[in-house]
Amino acid sequence: MKLLKNLTAILVLLSLFSLGSCQKDLDNFVPDNNNIGQILNPSPVQASVSGVVMDENNTPVQGATVKSGANTSTTDSRGLFRFNNITIDKYASVVSVEVNGYFKGIRTFSAVNGSSNYIKIKLTRKTLAGNVDASNGGAVTLPNNSVVTLQPNSVVVEATGQAYTGSINVYAAYINPSLSDISQTIPGSFQATDANNFRVLLKSYAMLAVQLEGQSGELLQIATSKTAKLRFTVPASLSADAPASMPLWSLNETDGLWKEEGTATKTGNYYEGDVSHFSFWNCDQPFNAVYLELTVHTSTGALPGATVKITRTNNGSFSYGLTDSTGHVGGMVFSNEPLLLEVLSSCYDPIYSQNIGPFSQATDLGTITISDPSPLYTLSISGSANDCNGLPVASGNAYIYWEGLQMITAITNGSFSGTLTRCNGSTAAVEVVVEDFASQQQSTAWSGTAASGVVNTGTLSACGLTTNEYINYMVNGVDYNLAATPNYFYQYSIPGAVISSFGGGSANDSVAFNINYANIGLGTEQDLMSFSSSHIQTTPNSTYLFSPTTYVTISEFGPVGQFISGSFPATTLTVTNGTTTNTYTISGSFRIRRTL
């Protein structure tokens, strides 16, 4: 598991869909001379990602496995996860979520170098729609009359490619693109790559998720040279402008982009088309796109975490994004079209709207000020922080947890504040912890209820709990001591995760180790799973701890925003690097802040 960086990172950017973060340099855009679209070359950036995973009832999902590239995390009791300082793509960063009983959740978004991105993923339940005999084939009908039809003798075991015989479990779910929460439920985003490799935006008319399993739970797939047929029911609200035919798109789960693959034909109120494999499938019309960016403020400053929706006024196609801590958001929108810009509450009520466009090239709208947003849709959290001497904290952080969100905002001259959007006067619990950088002390958690548009914590004392963080370890008798300093100390922890990572250092001095997080708590002993250090080798992911089993003793286990500490005794580490194997004697201790 990769190290995650930046203790003091603030929530910066969310792109649920095609509207994501961007920079004004478009060096990786290749224009299409026929004005069909843009070619976007991959552009790696270092950024952080955090977010929340919810089920179909908007309940936080604990224990879900979250991945981005080679990095793995696990959601906590609030459904939250975080990756610090990982490598993702500037134009199409991908996060996936897996949990039993649900189809894989996938979110695709844009990111800028050094940013901290926040995403929301609402999972789709994996429902058994019916059974089909592999030899005879057959059809399974979903509740909304969408249909999955399999040909006789057309299914193989995915892992081996061998023909499958017996009963096939057909798991399927219809994803309605007309629902208000589509920004959270759509697999990937509305970004796609068409048959000519041009990046386009999609208007969806219907989506299906399909997975085949054998009677022993083995994954099945359509055989090479065979096809299956899908029928997609079109929502009534979209049927009026549904064309006679349109491209079919399947989701590439690696890059998070829809790929043009076949054609769907309309008959009555549904589309039908042949598919060569099962994944997520989408009936969409593609449209040209350009980059747009803007910053949203209120009369008191930036509005972070606000949903921004950009809609084509002539047919209702749209893209979404969420503002960063400075109120900035940007990404792909429909080109050469009149557009409607809306800022939405967390329950999708518009709190601001403005007609914009059309745009034929990348555009920065600058700052848009919402003079007086209704307190029913926004929540302002503010307070003061004193140090152990009763003086205002000159420099520090306030850690704010509210309604499934987490935000870290700076304390300046003893004061902090943050503004969030909320859902129509909803009441929710708020927790705030303040930290003083100079004394390395922080407060216990302040808790309150957000029943109005303003929450003031009063004066909190950043005193009583040391924020001192360190990783100390010994390799073959040599001590290495890493202390937390800005932009230097890397750390990460998650409650309830099976495996987690802690680490610290710079390019020439780094360490990471994984422990078993099952039933973790104060005084428990956890398995030490792996250990890596630049003082052993430069490829941490290939270092593993083998027998004898070593235990980490947990001596401190505070709530989220506070600290976890522990130590492990001298043990033998076996390191494999290609064909070379070496052994080392290691021991260590640590204390780090629980970011989740």
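The values are calculated or read from the model by the stated rules, or taken from the named source; none is laboratory data. What you see is a predicted model; the values in this text were computed from it and never measured. Using ideal geometry, Cβ is built from the backbone for each residue, glycine included, and neighbour counts are taken over all protein chains shown. Accessible surface is based on the protein model in full, side chains and every heavy atom, while ligands, DNA and RNA are left aside. Shrake-Rupley method; radii C 1.70, N 1.55, O 1.52, S 1.80 Å.
Kindly report, to the nearest 10 Å², the accessible surface of Y270 as traced by a 1.4 Å probe over protein heavy atoms only.
50
With every protein chain left in place and a probe of 1.4 Å, what is the accessible surface of K229, to the nearest 10 Å²?
So the heavy atoms of K229 present about 80 Å² to solvent.
At q = 0.22 Å⁻¹, what is the base-10 log of I(q)/I(0) for region 59-125 according to the Debye formula with one equal point scatterer per Cα and no solvent? Please give it to two decimals.
Reported log10 I(q)/I(0), two decimals: -0.94.
Given the Cα-Cα distance of T583 and Q440 and 0.36 nm per residue of separation, how much length would full extension add, in nm? Kindly include the intermediate steps, with their values, before the conclusion.
Details: separation 143, 0.36 × 143 = 51.48 nm, distance 3.72 nm.
Net length gain for the segment: 47.8 nm.
How many Å³ per residue does the convex hull of the Cα positions in region 346-408 occupy? Present the calculation step by step, with values, prior to reporting the outcome.
Details: hull volume 11.5 nm³, N = 63.
About 183 Å³ per residue, rounded to a whole number.
Could you give me the ³J(HN,Hα) list for region 394-402, computed from phi with Karplus coefficients 6.51, -1.76, 1.60 and θ = phi - 60°, whole Hz, x at Gly and Pro?
Result, ordered by residue: 6, 8, x, 10, 10, 9, 10, 10, 7 Hz.
So if R0 is 56 Å, what FRET efficiency would S299 and E218 give, r being the distance between their Cβ atoms, rounded to the nearest 0.05? Walk me through the numbers before you get to the answer.
Numbers: r = 59 Å, r/R0 = 1.06.
Efficiency, from the Cβ-Cβ distance: 0.40.
Out of all Cα-Cα pairs in region 222-317, roughly what percent, to the nearest whole number, are more than 18 Å apart?
Numbers: 2790 of 4560 pairs.
Of the Cα pairs, 61 percent sit more than 18 Å apart.
For a quick check: with amide H placed at 1.01 Å from N, whose amide H comes under 5 Å from S135's, ignoring anything fewer than 5 positions away on the same chain?
N153, G166
Could you sort S443, S239 by accessible area so the largest value comes first, with the probe set to 1.4 Å? If you can, show how the numbers build up before the last one.
Working: S443 5, S239 45 Å².
Result, largest first: S239, S443.
Calculate log10 I(q)/I(0) of region 269-408 for q = 0.15, 0.17, 0.19 Å⁻¹, where I(q) comes from the Debye formula with a single equal point scatterer on each Cα and nothing for solvent.
Per q value, in the given order, log10 I(q)/I(0) is -0.86, -1.00, -1.13.
Give me the aspartates and glutamates in straight-line cross-link reach of K259: C-alpha distance below 14 Å, same-chain residues under 8 apart excluded.
The qualifying aspartates and glutamates are D194, D284.
Taking amide hydrogens as modeled 1.01 Å from N in the peptide plane, which residues meet the under 5 Å criterion relative to Y352, leaving out close sequence neighbours?
V343
Select from G330, N315, S345 the residue farthest towards the positive end of the dipole of region 219-358; place +1 on Cβ of Lys and Arg, -1 on Cβ of Asp and Glu, and compute about the Cα centre.
N315
Using the C-alpha gyration tensor of region 41-171, what are the square roots of 5 times its eigenvalues, in whole angstrom, with the largest one first?
Numbers: eigenvalues 250, 66, 33 Å².
Three semi-axes, in Å: 35, 18, 13.
Could you state how much accessible area K203 has, in square angstrom rounded to the nearest 10, with a 1.4 Å probe and all protein chains kept in place?
10
Assuming R0 = 25 Å, can you tell me the calculated FRET efficiency for the pair D133 and T265, based on Cβ-Cβ distance, to the nearest 0.05?
Details: r = 27 Å, r/R0 = 1.10.
Approximately 0.35, to the nearest 0.05.
P(r) of region 159-226 in 10 Å steps, Cα pairs, percent per bin?
Here the calculated profile for region 159-226 is 16, 33, 30, 20, 1.
Note down the Stokes-Einstein diffusion coefficient of region 86-139 in µm²/s, whole number, using a Kirkwood radius over alpha carbon pairs, 20 °C, and 1.002 mPa s. Walk me through the numbers on the way to the answer.
Values: Rh = 14.1 Å.
After rounding, the answer is 152 µm²/s.
Stretched out fully, how many nm does the piece from A410 to S374 gain, at 0.36 nm a residue minus the Cα gap?
Details: separation 36, 0.36 × 36 = 12.96 nm, distance 2.51 nm.
This chain segment gains 10.5 nm when fully extended.
Ordered by residue, what ³J(HN,Hα) values in Hz, to whole numbers, does region 223-230 give under the Karplus form 6.51 cos²θ - 1.76 cosθ + 1.60, where θ = phi - 60° and Gly and Pro are x?
Listing the rounded values in order: 5, 4, 6, 9, 9, 10, 10, 10 Hz.
At 10 °C and 1.306 mPa s, grab the translational diffusion coefficient of region 121-194 from Stokes-Einstein with a Kirkwood Rh over Cα pairs, rounded to a whole number in µm² per second.
It comes out at roughly 110 µm²/s.
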